[in-house]
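Colleague: Sharing a structure here in C-alpha cells format.
Readers should treat all values here as calculations from the given coordinates under stated rules, not as data from a laboratory. Quantities reported herein were computed from a predicted structural model and do not represent experimental measurements.
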Amino acid sequence: MRKPWVPLAGLIAIGSLTTACTPSPAIIAPPAGGVISVGAVISLTGSQSAAGQMAKEGYLYCQDWINGKGGIILKGVGHRLTIEMADDQSRPSMAASVTEQLISQNHETLLLGPSNDATAARAAPVAEGHQVPMVSSGASSDGIFNNHYHYLFSVLTPSSQQLRGVIDMALAQDAKPQTVAILYASDSLSAEVAAATANYVQAKGLNLVYGDSYPSGVNDIRGLLGTIAGAVPDLILEVGHPAESVRTVQQAQQMNIQPKLLAFSDGPGTQRFTTDLHKAANFSVGTTQWAPAAKNRTSYFLDSFHYALAFAARFGHVPDQPAGAATAACLTLEVAIERAGSTQPAKVREALAAMDLNTFFGQIKFDDRGANAVKPIYVQQVQSGRAVLIWPPDVASARARYPDPGWAKR
C-alpha cells in the first residue's frame, strides 16, 4: 500500500500520467487495490542525462501499460504502480545519497535503476545494505557484478561480452578472419571490455596482433592506426565512445586502412555516426543491447515492433537501448512481485533470482551475480546509410555485408 512520503529534491511522481495513445493488449477495469510505490534512481541531469531521459520514458511507458491492463495483480486484486524517480545528476556520490533517501526517508522497499554503470556502482551497496531489491536498466560492468550483490539485478548483458557477437559473426562468414587488432579508450570500463575481448579472441583461435589504448577524448590516433596497419589485421575492434568511433573511421579512410571489418563497441547505429560520416559510415559494425528491429521471442508484453510503434505514438520518437532497458527492468520487477505474491523485499528478491522471462528485450535470466548473462549483445551494421541488425541470426533483420569492399565502394 502507499507509504508515508517525504519530499525529496529531484523526485518526480509520475503515477498520474495517462496513455491515451498507448495500445494495451488487454485493457480491463482500473486497478481496484491500493498503490505499489517503487523508487527509481536515474540520471535526469548532468553528463548522462540523454540516456537518463530516455530511461525515464521507458519507465513511463511500462508504468502506464501495467496500470492500463489493471495494475500489478496480488491475490487477484490489481494495484496501481507508481514510480518515484530521483535524479542522481549523473554523479555517483549523489546516486548513493538519493538511494539512501529513497529507502530511509521515503520508505521505498523496491527500486529501479540506476541508468548507468558509474551511478550503479555507488547505489548498489546502499541498496544491498538495506536488503532492498534493485533492478537496474544501466548496470553492465563486470566490476559491479563481481561484487556478488544479493539484491542487485540488471537486465543488461555484462559488458565483458560486448564484442563477442562481432567475433562470432565474422567467424560465421566464408572469408573467416585470422588476425585481430584491438584499440581502446583509457577509461576503466573500456579497458575492462578490451581485456575480455582479447581473451575471447584468443579463445576462438584468432591471432591478436595488436592491443593498446589511447587517451579518452583524443582527436588524433593516426600514429596508432599506422602501427595497426603495419600488422595487417583482418578485424580492427575499437572499444570507446561514439565520437571516437567517428574519428577512427575518418582517419582510417584518410590513411586508406582497409581491414575486412571495422567494428566498434559504440557508435554505429547512432544518428550522429551516419550524419557525420555519410557514405563512409557504411559497412561499419557496432553493438547494442537492443534495437526496435530485434525479433525476440516474447512470452509477456509486446514484441519489439509493436512496443516501438506504441512508444513512438506516446513520445513522438522511437525507443532506443536505454528506453528499452528501462521498460524491461520495470516489467521484470512487476513479474517478480506477482510471482512472489508480495511486495516484501525478501520474497521479491527470491522471485528475481528465479526469473526466466522472454521479453521484447531478450531473455531475462540472472546469474548468481545478478547479471543477465543469457541474453546476447546484438550486432548492427550500417548498410546504405542506416543501421540494421545482423547478429545473432535469430534476431537479425539483415545479413552481414562482409568483408568490407573498400572505401571506394561505399
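Colleague: Helix 222-231 sits at what angle to the longest principal axis of the chain, using alpha carbons and giving 0 to 90 degrees rounded to 10?
Modeller: The angle comes out near 70 degrees.
Colleague: Tally the DSSP beta bridges in the chain and give the antiparallel ones as a percent, rounded to 5.
Modeller: 35 percent
Colleague: Okay, moving on. Do the alpha carbons of any pairs in 176/260; 279/375; 347/375; 75/365; 69/375 sit beyond 20 Å of each other, and which pairs?
Modeller: 279/375; 347/375; 75/365; 69/375
Colleague: In whole Å, what is the distance between the alpha-carbon centres of segment 139-189 and segment 340-407?
Modeller: Each part reduced to its Cα centre gives a spacing of 13 Å.
Colleague: Using only Cα atoms and rounding to the nearest 10 degrees, what angle (0 to 90) does helix 188-203 make with the longest principal axis of the chain?
Modeller: On a 0 to 90 degree scale, this one is about 60.
Colleague: Turning to a different aspect of this structure: Angle between the Cα long axis of helix 242-254 and the longest principal axis of the chain, 0 to 90 degrees, nearest 10?
Modeller: 10 degrees
Colleague: What number, in percent, do you get for the relative contact order of segment 49-185 if the mean sequence gap of Cα pairs under 8 Å and at least 6 apart is divided by its residue count?
Modeller: After rounding, I find 15 percent.
Colleague: Report the convex hull volume per residue for segment 79-221, counting only C-alpha atoms, in Å³.
Modeller: Hull volume over Cα atoms, normalised by residue count, gives 150 Å³.
Colleague: In a solvent-free Debye calculation with one equal scatterer on each Cα, what is log10 I(q)/I(0) for segment 294-390 at q = 0.12, 0.17 Å⁻¹, listed in the order of the q values?
Modeller: Result of the Debye calculation: -0.45, -0.83.
Colleague: For residue 73, which sequence-distant residues (separation of 5 or more, or a different chain) have an amide H within less than 5 Å of its own amide H, given hydrogens modelled in the peptide plane?
Modeller: So residue 73 has HN proximity to 79.
Colleague: Return the sequence-ordered ³J(HN,Hα) values of segment 270-286 in whole Hz as given by the Karplus equation 6.51 cos²θ - 1.76 cosθ + 1.60 applied to θ = phi - 60°, using x for Gly and Pro.
Modeller: Each residue's phi maps through the Karplus curve to give 8, 5, 4, 4, 6, 5, 6, 9, 6, 5, 5, 6, 4, 6, 5, 10, x Hz.
Colleague: Moving on to the next point. Can you give me the long-range amide H partners of residue 36? Hydrogens built in the peptide plane at 1.01 Å from N, cutoff under 5 Å, separation of 5 or more residues or another chain.
Modeller: The list, which skips near neighbours in sequence, is 80, 81, 82.
Colleague: Using only Cα atoms, locate the centre of segment 202-254 and the centre of segment 261-325, then give the distance between them in Å, rounded to an integer.
Modeller: 24 Å
Colleague: [x] 24.5, 90; [y] 21.6, 69; [z] 26.0, 88: which one is Rg and Dmax of the Cα atoms in Å as calculated from this entry?
Modeller: [y]
Colleague: Quick one: Karplus J couplings for segment 180-186, per residue in order, coefficients 6.51, -1.76, 1.60, θ = phi - 60°, nearest Hz, x for Gly and Pro?
Modeller: After applying 6.51 cos²θ - 1.76 cosθ + 1.60, I find 9, 10, 10, 10, 8, 5, 7 Hz.
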